[in-house]
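Beneath this line is the structure, given in structure tokens, with notes to follow.
Where a number appears in this text, it was derived from the coordinates with a stated rule and is not lab data. Fair warning: this is a prediction, and the values are worked out from it, not measured in the lab. As a convention, Cβ positions derive from the backbone with ideal geometry for all residues, glycine included, and neighbour counts pool all protein chains shown.
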Amino acid sequence: MRVLVVGSGAREHALAWRLARDPTVAAVLAAPGNPGLAEIGTTFAVKADDVAGLVALARAERVDLMVVGPEAPLALGLADACAAAGVPVFGPTRAAARIEASKTFAKDLLARYDIPTARFALCHAPAEALAAVRRFGAPVVVKADGLAAGKGAIVATTLAEAEQAIDDLMVRRIFGDAGAQVVVEEYLEGEEVGLTVVSDGERHVALPVTQDHKRIGEGDTGPNTGGMGAYAPVSFVSPAEAEDLVASISAPTLRALAHEGLPYRGVLYSNVMLTRDGPYVLEHNCRFGDPETQALMPLVEGSLAVALAAAADGNLRGTDLRVAPGAAFCVVMAAPGYPGTPEAGQAIGGIDAARGIPGCLVFHAGTARRDGRLVSAGGRVLSVVGVGPALAAARDLAYRGVAAIDFPGAQFRRDLGRASLVGPPRHRVVT
Ligand code: AMP
Ligand code: GLY
């Protein structure tokens, strides 16, 4: 198989790395890719949101499967365009991708099918949203309906902050039309985990439960980021509890989509809050998590390419995809200034030294080659992953890798994985 990976982050590098290890894969191509992806296969200067360009590239390169990393092209209809052109694609249609691209669509679906989610109000005008936040009381969460690069959910600790969020989203439109409608929702307290399932529209295969770390600062302080690190599996969710979570959150969502005439072929990655009253969906995503994927790919056994192609084709039956024993732990190294304006152009060394540590992997995100030298070129720059028999060993390998990398001023968190390594959590997994 010739597989084209769409995207340019560490998530895509990890997917490509894993696909390239698959004996059925003859070549991995990437668009637009990054210097890490260029180590694995040819990269093409076609942007991830250039739907027509990607379809043309897939045809010209006789691609057997396109694997889409980010949500934006799916929301623009990349999977539909591939289907029309006869290009097999792993990723949901535009209509099914609304499970992530439209919070109002997602919340309405969850409510109608009794899938546990925070109480909410769909608001079409600022006055409606202001009334809703006053009714809910602080703390309260205000979410842009549309895609906002992961920044569209504002957790307001006071009513004044909630009112500011409504003004920013609906009146000032800081995320454009994504804020034309908002969801106001009850604040949930608990431990957040990620569920990842590969679905063919009818059947699904679950990957290990993950935990991400969204805040820039240690002790979960400071502004939200795209994710500062992730690990799998989560030790405070037992394998039986993980099955229950998938059965009460992922599976009914996939059935609901199928029932609505939107069979879902792709990855459903769900953020779930484990509260004292049980699990609640915070959001569903129509793609793999980033940085979750960097921790999941080393734990996947069997043929990933065959499984993704089978899911794309609507028939996962007989897949040999399964989960390896052990654990993986990803530490994100970010540029100084992130999540504000990152400083670019910083020389990066030591990647080979880190990769020389057995069980240590390094995936590229915001990097570039300038005059033959590797430099930083984005907010999240590298994902350093440790893979070991247990979580503590995986963590130690990841931090040894980080220590081997020479990247002046890099920001990374030293306290990742606390909830699993130290615990104990304050939630109930099952209702
Ligand atoms: P979302 O984009 O909906 O996943 O929200 C981004 C982040 O905001 C989540 O990962 C949570 O950390 C937080 N969040 C979202 N909704 C809630 C909620 N109802 N209660 C508490 N925190 C939330
Ligand atoms: N890890 C957060 C995300 O991919 O949305």
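Restricted to helices (runs of 4 or more DSSP H) entirely inside the stretch 1-60, those with at least 2 residues that are closer than 21 Å to Glu71 by Cβ and of a type in the set (Val, Ile, Thr) are 51-60.
Of Gly226, Gly217, Gly222, Gly190, all but one fail to be over 24 Å from Arg265 (Cα atoms), touching a strand residue (DSSP E or B) at 6+ places or on another chain (Cβ under 8 Å) and more than 12 Å from ligand 1 (Cβ to nearest atom); the exception is Gly222. Looking across Val182, Val197, Val281, one residue alone is among the aliphatic types (A, V, I, L, M), away from ligand 1 (no atom under 15 Å from the Cβ) and in contact with a helix residue (DSSP H, G or I) (Cβ under 7 Å, 6 or more places away or on another chain). It is Val197. For the stretch 115-137, filtering for residues that are of a type outside the set (Phe, Trp, Tyr) and in contact (Cβ under 8 Å) with a residue 40 or more places away in the chain leaves 14.
Looking at the stretch 43-64, is at least one residue in contact with a helix residue (DSSP H, G or I) (Cβ under 7 Å, 6 or more places away or on another chain), more than 30 Å from Leu274 (Cα to Cα) and within 16 Å of ligand 2 (Cβ to nearest atom)? Looking for residues that are in contact with a helix residue (DSSP H, G or I) (Cβ under 7 Å, 6 or more places away or on another chain), more than 30 Å from Leu274 (Cα to Cα) and within 16 Å of ligand 2 (Cβ to nearest atom), one finds at least one in the stretch 43-64, hence yes. Within the stretch 112-128, identify whether any single residue is of a type in the set (Ser, Thr, Tyr), within 13 Å of ligand 1 (Cβ to nearest atom) and over 27 Å from Ala247 (Cα atoms), and answer yes or no. Within the stretch 112-128 (the criterion being of a type in the set (Ser, Thr, Tyr), within 13 Å of ligand 1 (Cβ to nearest atom) and over 27 Å from Ala247 (Cα atoms)), the answer is no, since none of the residues qualifies. The number of residues in the stretch 153-184 being surrounded by fewer than 22 Cβ atoms within 10 Å (Cβ to Cβ), more than 14 Å from Ala125 (Cβ to Cβ) and touching a strand residue (DSSP E or B) at 6+ places or on another chain (Cβ under 7 Å) comes to 5. Taking every residue in the stretch 407-423 that is in contact (Cβ under 8 Å) with a residue 60 or more places away in the chain and pairing it with any residue that is aromatic (Phe, Trp, Tyr) and surrounded by fewer than 21 Cβ atoms within 10 Å (Cβ to Cβ), at least 6 positions away or on another chain, the pairs with Cβ-Cβ distances below 8 Å are Arg414/Tyr399; Ala419/Phe236; Ser420/Phe236; Gly423/Phe236. For the stretch 74-104, filtering for residues that are free of Cβ contacts under 8 Å to residues at least 40 places away in the same chain, of a type in the set (A, V, I, L, M) and part of a loop (DSSP other than H, G, I, E, B) leaves 2. Among residues of the stretch 215-239 that are within 25 Å of Gly152 (Cβ to Cβ), those with a Cβ under 7 angstrom from a residue that is within 12 Å of ligand 2 (Cβ to nearest atom) and acidic (Asp, Glu), sequence gap 6+ or separate chain, pair up as Gly226/Asp290; Gly227/Asp212; Gly227/Asp290; Ala230/Asp212; Ala230/Glu292.
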